[in-house]
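The values are calculated or read from the model by the stated rules, or taken from the named source; none is laboratory data. Values in this document were obtained by computation on a predicted structure and should not be read as measured data. Every residue, glycine as well, gets a Cβ built from its backbone with ideal geometry; the counts of neighbours run over all protein chains shown. We work out accessible area using only protein heavy atoms, side chains counted, and drop any ligands, DNA or RNA first. Shrake-Rupley method; radii C 1.70, N 1.55, O 1.52, S 1.80 Å.
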Amino acid sequence: MREFMDYVHAAFYQATGWNRDNSYAALNQTPDALLDFQTPRGLRLSLSSLASPNFATSYQVGSVGIVDGSISYLYSTEPLNVLLMPTSEHVSLPQLLRSYRPLAPLPMREGPPGTQTPFDKPDSSLLYGRLYLPQSLLEALVVKRISPALQLQMSAVSGSHLRNGGTAVGLAQYDVGRYALEGLYSSDGGLLGLRGIWNSGGDTTDPATAVKESDRGKPERERIYGRFSTGGEIYYGTLNKSGGVSLGTRFATLPEHKGTPLSATLTLNPLMGNIAASYAIVAGKHCSLATRMEFNVFSYESAWAVGMELWRKPLMRPVEETKWIGGRSFEAKLAWRLDEPRDALPTEESRSGNEEEYAGVLKTRLDQNLRIGVLWEGRVKSLLFSLGSGIDLRKLDKPFRTLGLEIQFSS
Amino acid sequence: MAFNFNWSPLTADADFYARARDLLTNALNKSPKPPIIVDDILVSELNLGTVPPDLEILEIGDLAEDRFRGIFKMCYTGDAFLTLKTRVQANPLNTYLDSKPSFTSPKPLAAASGLTIPLSITLSEIKLSAFIILVFSKQKGLTIVFRNDPLESLKVSSTFDSIQFVRDYLQRTIEQQLRNLMMDELPAIIHKLSLQLWCPDQVNKAADAPKPEEADEAGIDPFSSPPEDPVDSNGNPVDLNTLSELSANGAGEMQGLFSQKNLLRLGALTDSHRTLSLFTPGISDVVFRAWSGRGEGSDHLTPAIGTPSLSRTHSAIVGNSTTYTFSDTGSHAHGHLPSRPSLVSLQSASAGMALGVGGRARSGRKKKTRVVNLRRKRTESADNSDAMTETSASDTLSIDVPISEPLPANSIPEHPEAETMSDVGFDTKARFVRDEKRTVGHQPSQLTTEVKFEPEEPAEAAPEPVSETEPALRGTPDDAKPRMFKRANLGHERASASSDTSSVILEQAWIKKMAGEIATRIYDEKKRGDGPAFPNQTWTEHEDAPPAYEAAAH
């Protein structure tokens, strides 16, 4: 289940006009969310709250054999309550749990330095800390926006079991919309990294020409309308003299696309000879599917995985509908007259049109080792729950490898 | 006495390799593997080579047809090799991420994608250097424990030799794994193999019994009862607390070594001796030392009938000629071996075990107690003088004997011998030029250092010093010690008339050396008497000591 702090973190980016999906690291985000979702282990309870518009807290207690927990705090310079629905009773489930997320509009910051979109809020920052007990592991994150296009991020972990007592990673992100660059340094092994992404097609074309195109050939745009993102990454460990390289490209449809939303990615690791292709599609109104295929040209090893996301409507709704469709009420029959037209109907209709109608989501995946992951997430009263299991079909005598339940309450 | 180690028959047995491979494969896959190794480790080739390891016998604590206990120093620089097959992760970024917390992960998109490569690793040029405690008994099989980390160096050659990073990583990882294997797993493997060889019935029993118990037994045996005066490999005395840490396994597990029932019965036995109860519980499945070693037992029984002092001297000689006891004497009772049989002959057989130390003190007569007094003082003097000498390895080893066994029944010449050892590295001839018997004592002492390891050779060499020392001994008739030892000599000749002449000569040489050594010791102490650490009172007591013993001897 998506943690509350992650949700708040995303809200911070939304509030400051930063698109965190416009990064090479997030290229595979959609298929990964459908194929590599985490299934909970053991019992976990979390209690979260947006105490003030700028401050959020979260407490978590878990038990997998032993009891452990964590305390986390988050402070943001920007008020978050405008964009965030903190209460678990009213939060929109698709917004919180949806795996297939359509592409967000690109921030257009091209031009002279300092150009910014109306949403940009430079000089905003975020502080986050989390202490795990009883391991005494401390996580810290600082995000600082330097200019409209530049953001610095520093994350660190301190724990006694780690070498040198902890690690820190510094990340500098530069995003002008059409392209985005990231440089990172990790204290562990002195890892240096550089990654970049270039967007083309779709909404990245000049707005003026885009309008002209849309005026001129609407049927052409009907056919396919999406954005190409191409990028690469390179890493080098200065201390252990090792490195890594990869290239990747993605095509994803934009929300304006009238046809079936889809996202296809292809990544290539020339050093290790690894090729991976993934494809995610919104197959129906309530269903998303994803597949991934990997192949290594050096070792001839291959891997595949398929995943599905299925949204469920609440049980009560069909009952209401049948009641409305079925003829006159008992009183009306007695009085030999038709039912009076109901005022409640339109509101009922509008509510069903709203996405808020969903009761929960079922996510499943299957990979080449015949391991199944099942996750059922939903809401009961004002509690969000997540029930999941990992099943291994190869070991039929003891198929349930993991089993877990996570319960979240936030206010 | 000679040992014959056959190295090649091990390699001739094809079945042996197959079994050893299986056991090694199991052992290697038991502990959690580092992230770079993604598959099980299979032992594909194993060859012990043609060059045997060099074994140096440091101590033989117990020796009989069916049991053996000793400490060895092993050095190995042979041509053995071992080939392992597994699959490894070739992407360094992948293994890098595995061990890092996800929060600070750089989250690469595809740069960390894995590439697993089949790998064969050959371990060769293995250099080992270790102190080994070897315990063998027909009932319990063979147990080997390393007292230190045996692995000195090792050459790891693999498919990745050209890549520096991977090669270093493999070298480091494999060395670590091998150290664990040597220290923890190898003793268990050898124990299992030995059980199959010598006592197949035990193997079945072990299979029936819960497994961990068996493993505990294998691992614990040498430490199950910590020695009273432990020394480490350098000869420095070890604190008992550190020893209990050394044994690594908790005290609770030690219980598993003994039968609970028998412990209860032994408890009942000691209780019954405390009271006037005549009840003697029978202890099943117990083999007493007195019954088992027939050859030794008869040797000791004869002098036991004679005067106590004689039997003591003799038994001590036996002890010295076979072993060089300096530690661990209390635990397995092998240190008491020479004196115990005589004791058992006095007591009822079953009571002998339980009474042990206490009964011996009580059985002593008046004469004995006077001997006790003398011995006590001498022990102290040995301690004191040793405390002043620098501690060479043999020195400290020998000190511990007097500390651990201040009891009257202990063998007398053990101390002279021990002191001899301590003096070898310390005394200078210039010091004793004045007195003849001191130089006499000094000479054989050098001889004995060789004697203890290779008894065959000194047996031939022994007569020479004898001829020299003999007149020297006779030349000092008023000294108490030589007289005593002549008596001892006499007693010994009487007791072991059947033994061959060479050993008699050897023992004579020993005795004379000891006599001279005691005299040297006393002189030494006198000379050092004015030192600050040595109170005057102590060595005046020693001056009185010889007459006291004389009285006891007559």
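Please work out the average accessible area per residue across region A:1-140, using the 1.4 Å probe convention, and give it in Å².
Numbers: 6300 Å² over 140 residues.
Accessible area per residue, region A:1-140: 45 Å².
To the nearest 100 Å², how much accessible surface do chains B and A hide from each other in total, with a 1.4 Å probe?
Approximately 2200 Å², summed over both chains.
May I ask you to derive the FRET efficiency for A:Ser92 and A:His161 from their Cβ-Cβ distance with R0 = 45 Å, giving the value to the nearest 0.05?
Plugging the Cβ-Cβ distance into 1/(1 + (r/R0)^6) gives 0.70.
Could you tell me the accessible area of B:Leu197 in Å² (1.4 Å probe, neighbours in place), rounded to the nearest ten?
Near enough 120 Å² of accessible area.
Past the 18 Å Cα-Cα mark, which pairs from B:Lys192/B:Lys261; B:Lys140/B:Lys192; B:Lys30/B:Lys192; B:Lys85/B:Lys192; B:Lys33/B:Lys85; B:Lys30/B:Lys140?
B:Lys192/B:Lys261; B:Lys85/B:Lys192; B:Lys30/B:Lys140
With a 1.4 Å probe on protein heavy atoms only, tell me which residues of region A:224-241 lose at least 50 Å² of accessible surface in the complex relative to the chain by itself.
Going by heavy-atom accessible area, the residues of region A:224-241 that drop by at least 50 Å² are A:Asn240.
Using the alpha-carbon atoms, what tilt in degrees (0 to 90, nearest 10) does helix A:316-325 show relative to the longest principal axis of chain A?
In chain A, helix A:316-325 runs at an angle near 30 degrees to the longest axis.
Please give, to one decimal in nm, the separation of the simple spin-label points placed at B:Met182 and A:Ala335, each 7 Å out from Cα toward the Cβ.
That separation, rounded to one decimal, is 9.9 nm.
How much mean residue ellipticity at 222 nm does chain A get from its helices, if each DSSP H run of length 4 or more adds -39500 (n - 2.57) and you divide by all residues, to the nearest 500 deg cm²/dmol?
Rounded to the nearest 500, it is -4500 deg cm²/dmol.
Rank these by accessible area, largest first, 1.4 Å probe: A:Thr267, A:Thr249.
Ranked list, largest accessible area first: A:Thr249, A:Thr267.
At 0.36 nm per residue, and after removing the present C-alpha to C-alpha distance, how many nm does the segment from A:Val67 to A:Leu133 gain when stretched out fully?
Value of the extension gain: 22.9 nm.
Largest first, what is the accessible-area ranking of B:Cys75, A:Cys287 with a 1.4 Å probe?
If we order B:Cys75, A:Cys287 from most to least accessible, we get B:Cys75, A:Cys287.
What do you reckon, how do A:Ser147, B:Ser162, A:Ser58 stack up by accessible area (1.4 Å probe), largest on top?
In descending accessible area the options line up as B:Ser162, A:Ser147, A:Ser58.
Using alpha carbon centroids, what distance separates region A:43-58 and region A:143-201, in Å?
Between the Cα centres of region A:43-58 and region A:143-201 lies a distance of 26 Å.
Given the protein chains as shown and a 1.4 Å probe, how many square angstrom of A:Trp198 are accessible, to the nearest 10?
Counting only protein heavy atoms, A:Trp198 exposes about 120 Å² to solvent.
By how many degrees, between 0 and 90 and to the nearest 10, does the Cα long axis of helix A:4-15 differ from the longest principal axis of chain A?
Approximately 80 degrees, to the nearest 10.
Gain in length, B:Glu125 to B:Leu193, computed as 0.36 nm per residue apart minus the alpha-carbon separation, to one decimal in nm?
Once the chain is fully extended between B:Glu125 and B:Leu193, it gains 22.0 nm.
Could you list which residues have their amide H under 5 Å from that of A:Leu403, counting only those 5 or more apart in sequence or on another chain, with H placed in the peptide plane?
A:Gly42, A:Gly390
Given a cut-off of 31 Å, name the pairs among A:Lys363/A:Lys398; A:Lys121/A:Lys363; A:Lys313/A:Lys398; A:Lys241/A:Lys363 whose C-alpha atoms lie farther apart than that in the structure shown. Don't jump to the answer; show the numbers that get you there.
Values: A:Lys363/A:Lys398 22 Å; A:Lys121/A:Lys363 36 Å; A:Lys313/A:Lys398 33 Å; A:Lys241/A:Lys363 41 Å.
Too far apart for the 31 Å limit: A:Lys121/A:Lys363; A:Lys313/A:Lys398; A:Lys241/A:Lys363.
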